[in-house]
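Worksheet for the structure shown next.
The values are calculated or read from the model by the stated rules, or taken from the named source; none is laboratory data. The model shown is predicted, which means the values in this text are computed figures rather than measured ones. Here Cβ is always computed from backbone atoms with ideal geometry, including for glycine, and neighbour counts include all displayed protein chains. Heavy atoms of the whole protein, side chains included, go into the accessibility calculation; ligands, DNA and RNA do not. Shrake-Rupley method; radii C 1.70, N 1.55, O 1.52, S 1.80 Å.
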Amino acid sequence: MSESRALRDRLEKAQAELRRTKEHLEKLRVHHARERESLGQELEEARRQVLELRGRLTLLETRERALRADEEGARLAASVLPERALSAGPGTALVALVQSPASLNEALPKLAELLKLSPVDVRFRLAPLLPTVLARLPLPEAQALRDALRAEGFMAVSSAVPHRLASGLMAVRRFTLDAEGVDLEGTRKERQRVLYPQLRLLIRGRRITTTVESEVEETYDADGDRVRKMVEVKHDHIEQFLWLYGDGVRAAFSLETRFSGLGSGRGLSGFESLQRVMEELRRGAPQVVVDERFMRMPRFRLPLVDEDRGQELLGELLHQAVQEGLWP
């Protein structure tokens, strides 16, 4: 009997311990469920704040870039020719050489005199990629400098720097090719009929743009407590493009373009489709100049302008050179 009672007592103790363990586990489950729900609510709130901050940041950056573009133009123009008073007229223009001087040593003194710079500074301006930008000035002064350079035998062009918010290249959403030209429809429903003889220049390239986003990062401190903080994360985006220039034509094909206009010639990828659009335009417009240097330089920067506008403004200079018969 004593042995049976001992076993029964041990069994009752084990059952009591099991009940206590079960009750403790249930409390832990409830606690974890509440904590998970609380964390979920905090995460949703953090996401909402990130979206709100991202929208405010985008708006502020757009306004800041627009203001900085105008201020930077005036400041850079003053740094090129500091002894000249800036024109009161709106707008600035870039002045560039279409061809490198045959003899740089012979050309440096005359260029230094015209630009009011030291020969060393002029040498730094003469970048290997043509057209090479020499100065950014108010429009009348830019035209005067271009004329003075041409009078000295330099092949120079000038091109106005459009306001950042001004409409430039029409973003093509749809297009239709035929034997005489191409019909374009932009993302804002604008339409344009372009005949092949109008085309002067095709620029095929890539560009890398960087965006900064705010994200929630979770770490643990020395005590093991969870710590949340907002961090900035940079993301690089690679874009493919094909730019069209000509008489009254400025348009941009991209990977966002719908390539159904190629019909059976549509490529298996956006890259291939852009290449085939270029081939079709070259076939219809054999007079067109093709420039593919930006395929190798997606981070191209141009002196005297904001770093993200280098490709755009070099394209304008190149188009001006082609229009005037100075390229290639």
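Quick one: grab the alpha carbon gyration tensor of the stretch 179-328, order the square roots of its eigenvalues as a ≥ b ≥ c, and give me rounded if a/c is under 1.5, else prolate or oblate depending on whether a/b is larger than b/c.
Cα axes put the stretch 179-328 in the prolate bin.
Report the GluC sites (Glu not before Pro) located in the stretch 293-328 that are in a DSSP loop and have at most 14 other Cβ atoms inside 10 Å of their Cβ, or state none.
GLU324
If the convex hull of the alpha-carbon atoms of the stretch 159-249 is projected onto planes in all directions, what is the mean projected area in square nanometres?
Here the figure is 9.8 nm², rounded to one decimal.
Based on alpha-carbon atoms only, what is the radius of gyration of the stretch 89-210 relative to the globular estimate 2.2 N^0.38 Å?
Taking the Cα Rg and dividing by 2.2 N^0.38 Å, one obtains 1.39.
Could you order THR209, THR257, THR187 by accessible surface area, starting with the largest, using a probe radius of 1.4 Å?
My answer, sorted largest first, is THR187, THR209, THR257.
Kindly sort ILE208, ILE238 by accessible area of their heavy atoms, largest first, with the probe set to 1.4 Å.
My answer, sorted largest first, is ILE238, ILE208.
Can you give me the Rg/Rh ratio for the stretch 115-168, using Cα atoms for both radii and the Kirkwood formula for Rh?
Expressed as Rg/Rh, it is 1.00.
Sorted from largest down, what three extents in whole angstroms do the Cα atoms of the stretch 239-328 have along their principal axes?
44, 28, 22
Taking loop as defined by DSSP and a crowding limit of 11 other beta carbons within 10 Å, which trypsin sites (Lys or Arg not before Pro) in the stretch 188-283 fit?
ARG188, LYS189
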